[in-house]
Amino acid sequence: MTVTANNRLSQQQPKTCEHEIKFTFSNHHVEPVVQWLRHRCRLDPDFPHNRVASIYYDTKDWQFLREKMNSDYLKTKFRVRWYQEPGEEKPPGQAFIEVKSKIGTPRTKFRMAAPYPASWFAKIPLEDPRLLDIPYSLKAQGILLKQHLFPVFIVQYERYRFVELVSGTRVCVDYNIGMPRVNRTMLPAANPFPLPTAVLEVKGNVESLPGILSYLLSFSCKKTSFSKYLACYEQLRQIY
């Protein structure tokens, strides 16, 4: 697999490839959407509900962010991600480094275990220079970085996961999306307010809502290329 020079990454190891479709709706409608899905789909047997946190990386001139702003056909994201149960203070042990590339609708994703536990990433200030070394830990996997990447901010939200039984499509509901911490060398301050928008993500070998899931459109779910990374950044810029 080669990621184009436009994305400043190249790598040899194959990645997973699938389609991902997103729909947005009001954060106030999360409960009825989740209840409807509970009756029509199966909760993910391994991770039905948890909190997701990610440190997003970008270049000093926000190249990855501008790809999303410009709706470029080729997009890249680099992040460190970990999970924890809602209401628990301590995150679980493992954190992951992820590199995602999107060419139109199909996407590829590479993931590996991070060199530090989730608890380390959950507490470290984003200005800490040790975080600058994280992207280079992928070199052993054949991923070569063309530019220096910097941790910019954390995106955090809660997620329900479902499986649609007929098609096998995976469905996620993400809500209470917020930006609890930022790198103050890149941004002035964190945002104490969650986004008013929730996201329905449909992942698998599909390009539209399969079968019975099309009923979700009655909850004012609108198909979009929504990016949590971009939406959190834009909301913060409106505040400061």
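The values are calculated or read from the model by the stated rules, or taken from the named source; none is laboratory data. Because the structure is predicted, anything quoted here is derived from the model rather than measured. Positions of Cβ are generated from backbone atoms using ideal geometry, with glycine treated the same way; all protein chains shown enter the neighbour counts. When the accessible area is computed, the model is the full protein with side chains, heavy atoms only, and any ligands, DNA or RNA have been set aside. Shrake-Rupley method; radii C 1.70, N 1.55, O 1.52, S 1.80 Å.
Table for the structure above
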read-out	value
Stretch gain in nm, segment Tyr215-Glu88, where the contour uses 0.36 nm per residue and the Cα spacing is subtracted	42.3 nm
Long-range Cα-Cα pairs in the range 159-240 (distance over 18 Å), rounded percent	51 percent
Charge context of Val155, other residues only, Cβ under 9 angstrom, K/R +1, D/E -1	+2
Whole-percent carbon and sulfur share, accessible surface of the range 128-240, 1.4 Å	53 percent
For Glu88, net neighbour charge (Lys/Arg +1, Asp/Glu -1) across residues whose Cβ lies under 14 Å away	-1
For the chain: Kirkwood Rh in Å [reciprocal of mean 1/r, alpha carbons]	18.6 Å
Per-residue [θ]222 nm for the chain (sum of -39500 (n - 2.57) over DSSP H runs n ≥ 4, rounded to 500)	-4000 deg cm²/dmol
Built amide H within the under 5 Å cut-off of Phe153, gap 5+	Tyr56, Asn183
FRET efficiency, 1/(1 + (r/R0)^6) with R0 25 Å, evaluated for Asn176 and Phe96 via beta carbons	0.70
Amide proton proximity set for Thr197, modelled H, under 5 Å, gap of 5+	Asn27
